[in-house]
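The structure appears below as structure tokens.
Read the figures in this text as sums done on the coordinates, not as results from a lab. Keep in mind the model is a prediction, meaning the values are calculated, not measured. In this analysis, Cβ positions are derived from the backbone assuming ideal geometry, glycine residues included, and neighbour counts consider all displayed protein chains.
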Amino acid sequence: MYLEHFGLQAFPFSITPSTQFFFSSETSQEALNTLLIAVSMGEGFMKITGEVGTGKTMLCRKLLGALGEEYAVGYIFNPYLEPLALFIELAAELGLPRPVPEGMTQHEILNALTRRVLELNDSGKRVVICLDEAQAMPIETLEALRLLTNLETESRKLLQVIIFGQPELDERLNHPSVRQLRQRITFHYHLKPLSHSEFSYYVQHRLAAAGYRRGQLFTPLALWMLRRKSRCVPRLINVLANKAMMSAYGKGSRLVGLKEVVHAADDTDSVLGARPKRTASRLLGALVLAGVAVVAAWAYRS
């Protein structure tokens with residue numbers, strides 16, 4: 001009923017990172033281009049950082065979808081693993097059978113993983129490993145990850161690793177025990193929130209990708225408040241816009257106004273934690289007073 005009410009084919013502001021909704025902002029497109037170039041050049045180790053909600057996982061999935069059949073890809077979405085467990089997961093991602101024989105040591109699994117990478121390279125496949133949420137990796141696992149960067153010939157790396165993480169990842173990489181790994185990072189890019197000029201295009205893009213073909217869905221004041229409250233962070237835009245649309249749907253309205261966005265912000269902890277809470281009534285009262293002042297000034301001049 002929600003989709004039919006707004007004339008949609010899909011939920012436009014779902015926080016699930018579907019590449020159908022990938023938005024080519026300046027920062028995300030530059031990061032994607034950087035990764036594609038680095039991968040094509042055979043660089044061994046790359047890093048993408050960004051604050052929560054800036055689109056790291058979306059970028060990762062877009063990259064994986066952009067790589068052709070000549071690539072064998074492994075994707076670990078939760079690398080909070082001990083070194084042995086990480087190597088087991090990587091081996092499975094690259095096609096080695098599961099379960100791993102009981103009693104295999106880390107060294108034995110690493111050797112099996114090495115042989116598998118060599119097999120893939122001999123068959124014409126280039127191997128790329130993507131690790132999401134890498135700021136959660138234990139230090140000893142980050143240290144063990146360096147062993148994978150040793151897989152190389154005289155001319156190129158046999159395995160390329162891309163890690164995605166929040167800024168805390170840089171703090172972990174500054175740990176003395178992983179300094180060798182940090183030195184091997186050849187490409188790094190930091191994702192930023194959308195610019196103010198990109199914000200409206202982002203909202204329109206998400207709606208269009210979801211099949212919206214009607215007129216303006218958000219009023220100008222609603223968009224202004226959505227931009228202000230979300231701070232142009234894509235995930236926050238999605239959360240607030242979705243809540244505001246649900247509120248409008250509950251009222252039977254096909255237009256999302258200022259009040260719905262303010263209520264959505266007041267109901268979202270990540271927004272309240274960033275700025276002091278302001279209730280809808282206070283904000284609307286301030287706008288009414290401002291409107292009265294404008295009318296009075298106009299009347300005085302006339």
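Observations, loosely collected:
- For segment 68-88, backbone nitrogen atoms closer than 16 Å to the point 7 Å from S40 Cα along Cα-to-C-beta are found at 68-71.
- Helix-derived mean residue ellipticity, 222 nm - over the chain, DSSP H n ≥ 4, -39500 (n - 2.57), to 500: -15500 deg cm²/dmol
- Translational D in µm²/s for segment 19-130 (Stokes-Einstein at 20 °C, 1.002 mPa s, Kirkwood Rh from C-alpha pairs): 138 µm²/s
- Span from the segment 16-67 Cα centroid across to the segment 175-225 one, whole angstrom: 11 Å
- Ellipsoid semi-axes for the chain, based on the Cα gyration tensor and the rule √(5λ), read 47, 20, 17 Å when sorted largest first.
- Exceeding the 32 Å Cα-Cα cut-off - candidates K56/K251; K192/K259; K157/K192; K47/K259: K56/K251; K47/K259
- Packing rank of 61-69, 160-168, where each peptide gets the mean count of other beta carbons within 10 Å, highest leading: 160-168, 61-69
- On Cα atoms only, tilt of 106-122 relative to the major axis of the chain in degrees: 80 degrees
- Taking Y189, Y2, Y80, Y75 and counting other C-beta atoms within 10 Å, the order from fewest to most: Y2, Y80, Y75, Y189
- Percentage relative contact order, segment 26-191, counting C-alpha pairs under 8 Å, at least six apart: 39 percent
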